[in-house]
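K.L.:
This structure is in structure tokens; I'll ask about it shortly.
The values are calculated or read from the model by the stated rules, or taken from the named source; none is laboratory data. Owing to the predicted nature of the structure, the values given are computational and were not obtained by experimental measurement. Here the Cβ positions follow ideal geometry from the backbone for every residue, glycine too, while neighbour counts run over all protein chains shown. These accessible areas exclude ligands, DNA and RNA; they are computed on the full protein's heavy atoms, side chains included. Shrake-Rupley method; radii C 1.70, N 1.55, O 1.52, S 1.80 Å.
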Amino acid sequence: MVLIVVFGVALLIAVLLSGLAARTVLSTSFLFLVGGALVSDGFLGLIHITPDSEIVSGTADLALFAVLFTDGMHVSFPKLRENWRNPARALGLGMPLAFVGMALITHFLVGLDWTTSFLIGAVLAPTDPVFASAIVGRKEVPSKLRQLLNVESGINDGLALPVVLILIAAAGPTSGHAEASLGKIALELVLGLVFGVVLPFVVIELVRFRLLGAEPKLQPLLPLAIGVILYALCHLTHANPYLAAFSAGAVLTARSLEAKEVFEPLGEMLAELAKFAALLVFGALLTPQLFGALSFGGYVTVVLAIALIRPASLLLSLLGTRFTRQEKLVAAWFGPKGFASVVYGLLVLQAGIPQGQEAFTLIAVCIAFSIVAHSSTDVPIARLFKVEDIAGIPSDDSAPATARDRSAHPIRGSLPLHPSPSQAEGGRDEPPR
């Protein structure tokens, strides 16, 4: 119950300061991170959370699922077909370069063995744009840049997971079964993709039956029901929930733009709450003992991971593209380590591998530094793109449709079987009219 009170107080403070945070380097994510650290055993001692606590892995897992589900809804397949090369470059070249670069500096600066070093590289390779919301959430920012960051972060979580699991198996006592695990991991990824595509497709088709359809005030709960079922189904069958979440969000938008629009306000708020809860719990792990356990070489590794490895790898992958120099630099900087790295870091710690504690310490400190660095620089950098209404207050001519406007169009009566490219591309670039 103390944790709930702490969360409520932190949420109240974050809401009261959100207007200021949206215009300055102050970050609501940073507030929850610091709040969790202050009430932990390392400071006030109000809550007692350890890395092996179920609440840590549970909140991080749920937050990552919610964020990926809502991120998937911002994917426009028509635009992606036209501009698939940029995300493909980031995933196919930038991500492996970051993975190898991180492993090299970890091995030589921290002294961990090669398997554990590559494991850390795999854990820290995924990015999370949730800590750069002023960039990926503003229509004034070029859509190709926002799409690059969103698609990259949505897919790289699923790509990194099998590598993480294989390296955990190779580093631990089950290293002899690493090859046997490969088939299991592939099956989990395929199941996640299948569930993520089939479930929203079937539900949207059901809504089109004459006797079925959502009452206007319950329309936002339809995508929520899909997300809840998908989350439980993936955990019951051991399917990959992150790939399932992102693909489900994308399919839902492609099949029903109306369903996406009515759910978006609720979905964004639920994802935000899950994110804040995970940050608070993760912050409770950031004790002075944790930071004190990291060597000087570890801190140098963390700084290089954020300031060199990610920027250099993405800049190399974007050579020859049509991005401007400013857009390339922004894309290269915003590679924050988020909830995927938290979840995968906990897997490393709980696996009981020989150097698991050292690996988790480095991962946790790197995530904390990344959250602070990226969530406090998104607003200043967003201003480079002439983002004026940075506090998120829309002007009259760009205000979204009201609840009354949307309630006049029940989901059943406005589901286009084949949405036009202009409809499918609406998303954040054009407000619904």
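K.L.:
Students often check this: by mean Cβ neighbours within 10 Å, which of 49-55, 260-266 ranks highest, and how do the rest follow? If you can, show how the numbers build up before the last one.
P.N.:
On the way: 49-55: 13.9, 260-266: 21.6.
Per-residue mean Cβ counts within 10 Å order the peptides as 260-266, 49-55.
K.L.:
Right, another one. What ranking of 182, 279 comes out by heavy-atom accessible area, probe 1.4 Å, highest first? Each step should come with its number before you reach the end.
P.N.:
Details: 182 90, 279 0 Å².
Sorted by accessible area, descending: 182, 279.
K.L.:
Considering the Cα positions of region 30-138, please state its Rg to one decimal place and its Dmax as a whole number of Å.
P.N.:
Every Cα atom of region 30-138 included, Rg and Dmax give 18.2, 53 Å.
K.L.:
What list of whole percents do you get for P(r) of region 181-319, with Cα-Cα distances grouped in 10 Å bins up to the one holding the largest distance?
P.N.:
10, 25, 25, 26, 10, 3, 0
K.L.:
Right, next: Could you put 344, 231 in order of accessible surface area, largest first, with the 1.4 Å probe and the full protein assembly present? Display every interim value, and only then the final one.
P.N.:
Details: 344 0, 231 60 Å².
The residues order as 231, 344, largest area first.
K.L.:
Which net charge results when you count Lys and Arg as +1 and Asp and Glu as -1 among the other residues whose beta-carbon is under 13 Å from that of residue 32? Could you put the intermediate results ahead of the total?
P.N.:
On the way: positive: 275; negative: 272.
Once all neighbours under 13 Å are counted, the net charge is 0.
K.L.:
Continuing with this model, one more query. Arrange the peptides 27-36, 102-111 so that the one whose residues have, on average, the most other Cβ atoms within 10 Å appears first.
P.N.:
Working: 27-36: 23.2, 102-111: 20.0.
Output ranking for 27-36, 102-111: 27-36, 102-111.
K.L.:
Then there is this: Beyond 29 Å between alpha-carbons counts as too far, so tell me which of 79/184; 144/217; 184/328; 79/217; 79/328; 275/328 fall in that bin.
P.N.:
Values: 79/184 34 Å; 144/217 34 Å; 184/328 37 Å; 79/217 31 Å; 79/328 19 Å; 275/328 27 Å.
Those over the limit are 79/184; 144/217; 184/328; 79/217.
K.L.:
A follow-up question, please. Using only the Cα atoms of region 258-319, build the gyration tensor, take square roots of its eigenvalues as a ≥ b ≥ c, and label the shape rounded, prolate or oblate: rounded if a/c is under 1.5, else prolate if a/b is larger than b/c, else oblate.
P.N.:
Numbers: a/c = 7.70, a/b = 1.38, b/c = 5.56.
Oblate.
K.L.:
Further question: Apply the a/c threshold of 1.5 to the C-alpha gyration tensor of region 1-80 and tell me whether it is rounded, prolate or oblate.
P.N.:
Values: a/c = 2.83, a/b = 1.43, b/c = 1.97.
Here region 1-80 falls in the oblate category.
K.L.:
Could you tell me what % of all Cα pairs in region 256-385 have separations over 17 Å? Before the final figure, lay out the partial values.
P.N.:
On the way: 5724 of 8385 pairs.
The answer is 68 percent, as a whole percent.
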